[in-house]
1. In region 291-302, is there at least one residue being closer than 18 Å to residue 13 by Cα, crowded, with 17+ Cβ neighbours inside 10 Å and more than 16 Å from ligand 1 (Cβ to nearest atom)?
2. Tell me whether region 31-51 contains one or more residues that are among the basic types (Lys, Arg) and under 28 Å from residue 232 (Cα atoms).
3. Which ones in region 90-112 are buried (at least 24 other Cβ atoms within 10 Å of the Cβ) and either modelled with pLDDT under 95 or away from ligand 2 (no atom under 16 Å from the Cβ) (or both)?
4. With the requirement that a residue be within 16 Å of ligand 1 (Cβ to nearest atom) and not in a loop (DSSP other than H, G, I, E, B), what does region 63-80 give you?
5. Could you go through region 58-75 and let me know if any residue there is more than 16 Å from ligand 2 (Cβ to nearest atom) and more than 30 Å from residue 393 (Cβ to Cβ).
6. With the structure loaded, tell me whether residue 172 is of a type in the set (S, T, N, Q), touching a strand residue (DSSP E or B) at 6+ places or on another chain (Cβ under 8 Å) and more than 18 Å from residue 146 (Cα to Cα) or whether it fails that test.
7. Can you tell me how many residues in region 380-433 are aliphatic (A, V, I, L, M) and either within 20 Å of the chain's Cα centre (by Cα) or under 29 Å from residue 150 (Cα atoms) (or both)?
8. Go through region 336-348 and give me each residue that's within 16 Å of ligand 2 (Cβ to nearest atom) and either surrounded by fewer than 20 Cβ atoms within 10 Å (Cβ to Cβ) or assigned to a strand (DSSP E or B) (or both).
Amino acid sequence: TLLRGRTLSFVRWPEAIDDQGAWSYEEDGGLLLRGGKIVAAGAYADVERQAGEGVAKVDHRPHLLVPGFIDAHAHFPQMQIIASYGAELLEWLNTYTFPEETRFLNAQHGRRIARLFLDEMIRNGTTTVAAYCSVHKESAEAFFAESHDRNMLNIAGKVMMDRNAPGELTDTPQSGYDDTKALIAEWHGKGRQHYAITPRFAITSTPEQMEMAGALAKEFPELHIQTHLSENHDEIAFTRELYPQAEDYAGVYEHYGLLGPRTLLGHSIHLAEREADIISETGSVAVFCPTSNLFLGSGLFDYQRFRRREKPLRIAAATDVGGGTNYSMLRTMDEGYKVIALQGEKLNPFQSFWQITRGNAEALSIADRVGTLEAGTEADIIVLDSRATPVMELRMETVKSLAEELFLLQTLGDDRAVREVYVAGKPSKSIVAA
Ligand code: GUN
Ligand code: FE
C-alpha cells in the first residue's frame, strides 16, 4: 500500500519551536507499506517511483500522517469506573477500583472489556499501550489474546498484589510469581506482545512479594517493569509506614532491584531530590499522567524541572485510565500543557507530539520499531484531520503554521480528529467504527 498525505515524524526532542532539524515534514509525503512495515518514506513522487506498478494507493490529503500514539500507562479493568466522583487516590482505590477489578476473575468479562478497551485505543489513535490488567491471570490472557488478534504492539502484565486489598483481589508471593512466569512463557514475544512485570505499588505488596518481583526482574532482564510511585501524599505516608527501613518511596523499588531502563514509574509527582537522582541514574522512566493527577487531586508533575535538572529524568506521557479521564493522547497533552503552564512553564506543540510518538517510544525502549515514520519501522500510522469538528474547521481558517495546527489538534482534538489508524499496515479504525 502507498499512503499519501502530509507526513510528520520526529528524529529527536525539539529544543524550540523553530528547531526544524528535530522533525521531518513533507507537505506531499508518501509512505510505502509492505508486510506490516514502512519500506519507503519521503516525498510522494520519490516513494511512488520506488513503489512501482500495481501498488494500492490511498490518498489521505489534506490530512496529516503521523506515527501512532503511544500511551505509557493505563488500566484496562477500569473502563467502567472512569468518572467516579469525589475521592483521592486511596479512597478511590478502595471505593471504586478494587471492587470493580474483582469482576475480572470472570474470563468472559475480561474478554469483553479487553475488546472494548482496545477498540477505544484504536478509536483514539493509540497503537501501543502499556496496560495493567487485574490480579487475575485470566485478565491478562484476555488482554493479550485480543491484542494479538489485532496485531498490536502492546505491553501488559497481571498486577501482583498480596495485601491491603480485598481477599478476592490478592495473590501470594508464590502464585504471583508462578502466574507471571506462565504468562511470560505464553505471551512475551508472541507476535507483537510484550510482558511487563507489574507489582501494583508498594502498598499492595508485602516485602516477600517485592522480593519475588525482583527475582522475576533478574530472570527476565529484557522485560518491562511497571508500577506506581509518589502519586499522593497519603499514599507516600502509608508506604513509609509499611517500609520503615527504606530511605524513601523510590528506595523501596530500588532495594528490590526494580529500577532500571525498562521500569515505568506511574505518576512520580512528589519526588525528593534523592529519588529523582536514583530514577535518573538507573534510567527509570517517570510517567506523566496529567488528567489522572488533576482528577484525583494528586498534584502537578513538574515536567520541565525533571527534564532540565542536572540528572534529568526520562519522561513518558500517559492517560492512566480510569484514574485518568480520557482515552485520547491529544486530550491528555492538552491537560498536560495546562499542568505545565500552572508551574510557569510551557511545552510547545512539537515537543508535545514528540512526546506521544517518538518520546514515548524511546521511554519504552521500542523506538527502533515504532514511534516514527522511518523506513524499516513497523507501520503503526494514524491519519489526523485538523478540521474534524466545526470549531476546529473555523479555527483552522486563521492557522498559519504547522506549529499552530498541531496546537489546535492538541487543544481541540479528540477521537474525532483520528480519521484512520494503521496497525502494522492494516487499516483498523474503519473496522472498529463499523
Ligand atoms: N496506585 C495504585 N493503583 C493505582 C491505580 O489503579 N490507579 C492510580 N491512579 N494509582 C494507583
Ligand atoms: Fe495507574
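1. Restricting attention to region 291-302, the residues satisfying the condition of being closer than 18 Å to residue 13 by Cα are 302.
Checking which are crowded, with 17+ Cβ neighbours inside 10 Å leaves us with 302.
Next, only the ones that are more than 16 Å from ligand 1 (Cβ to nearest atom) stay: 302.
Within region 291-302, one or more residues are closer than 18 Å to residue 13 by Cα, crowded, with 17+ Cβ neighbours inside 10 Å and more than 16 Å from ligand 1 (Cβ to nearest atom).
2. Just the residues of region 31-51 that are among the basic types (Lys, Arg), to begin with: 34, 37, 49.
Cutting the leftovers down to under 28 Å from residue 232 (Cα atoms) gives us none.
Checked against the condition, which is being among the basic types (Lys, Arg) and under 28 Å from residue 232 (Cα atoms), region 31-51 yields no hits at all.
3. Scanning region 90-112 gives a single hit, 110.
4. 71, 72, 73, 74, 75, 76, 77, 78
5. So far as region 58-75 goes, no, none of its residues is more than 16 Å from ligand 2 (Cβ to nearest atom) and more than 30 Å from residue 393 (Cβ to Cβ).
6. no
7. Step one: list which residues in region 380-433 are aliphatic (A, V, I, L, M), which gives 381-384, 388, 391-392, 394, 396, 399, 402-403, 406, 408-409, 412, 417-418, 421, 423-424, 431-433.
Right, trim to either within 20 Å of the chain's Cα centre (by Cα) or under 29 Å from residue 150 (Cα atoms) (or both) and you get 381-384, 388, 406, 409, 412, 417-418, 421, 423-424, 431-433.
Of the residues in that region, 16 qualify.
8. Hits for region 336-348: nothing passes.
The values are calculated or read from the model by the stated rules, or taken from the named source; none is laboratory data. Quantities reported herein were computed from a predicted structural model and do not represent experimental measurements. Cβ atoms come from the backbone with ideal geometry, glycine included; neighbour counts cover every protein chain shown.
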